[in-house]
Amino acid sequence: MTETLMTTIVLTLGGMMVAAGIAVLFVKDLLSAIIITGFVSLSASVMFLLMDAPDVAITEASIGAVLATMIFLWGRGKIGGDG
């Protein structure tokens with residue numbers, strides 16, 4: 001992968017992560033916020049993979065994108081919907 005393409009992909013992913021982080025602040029329902037947060041974690045894992053850190057990418061994908069999202073969804077179910 002060329003350096004220019006790598007830079008473009010990293011900047012695009014970073015911009016999407018920042019936009020998603022800001023979007024979490026403005027969404028009205030909790031489920032949307034949880035899904036967007038999971039997207040940010042998944043984007044971070046792709047970014048780590050592009051930076052040749054596959055061990056960190058796997059950890060971020062499993063803990064950040066999957067486990068944390070499941071815990072948030074479980075907590076949402078415990079408090080009953082969007083409460």
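The values are calculated or read from the model by the stated rules, or taken from the named source; none is laboratory data. Source: prediction; values computed, not measured. Because the Cβ atoms are built from the backbone with ideal geometry, glycine has one as well, and the counts that use them run over all protein chains shown.
Some notes on this structure:
- Filtering the stretch 22-35 to residues that are in contact (Cβ under 8 Å) with a residue 12 or more places away in the chain and crowded, with 18+ Cβ neighbours inside 10 Å leaves only Ile34.
- Whenever a residue of the stretch 48-67 is free of Cβ contacts under 8 Å to residues at least 40 places away in the same chain, its partners that are β-branched (Val, Ile, Thr), lying with C-beta atoms within less than 7 angstrom and at least six residues away or across chains, give the pairs Phe48/Val56.
- Cβ-Cβ under 7 Å pairs, at least 6 apart or on other chains, the stretch 1-15 side touching a residue at least 24 places away in the same chain (Cβ under 8 Å) and over 13 Å from Asp52 (Cβ atoms), far side among the polar types (S, T, N, Q) and part of a helix (DSSP H, G or I): Leu13/Ser43
- Restricting Ala61, Ala19 to those that are at pLDDT 95 or above and either surrounded by 11 or more Cβ atoms within 10 Å (Cβ to Cβ) or hydroxyl-bearing (Ser, Thr, Tyr) (or both) reduces the list to Ala19.
- Residue satisfying all of: in the stretch 39-64; of a type in the set (D, E, K, R) and part of a helix (DSSP H, G or I); farthest from Gly14 (Cα to Cα) among these: Asp55
- The stretch 1-34, residues that are charged (D, E, K, R) and not in a helix (DSSP H, G or I): Lys28, Asp29
- Selected residue (only one of Val46, Val40 is more than 28 Å from Ile79 (Cα to Cα) and either polar (S, T, N, Q) or surrounded by 11 or more Cβ atoms within 10 Å (Cβ to Cβ) (or both)): Val46
- Filtering the stretch 60-83 to residues that are within 21 Å of Met16 (Cβ to Cβ), out of contact with any Gly (no Cβ under 6 Å at 6 or more places or on another chain) and of a type in the set (Val, Ile, Thr) leaves Ile63, Val66.
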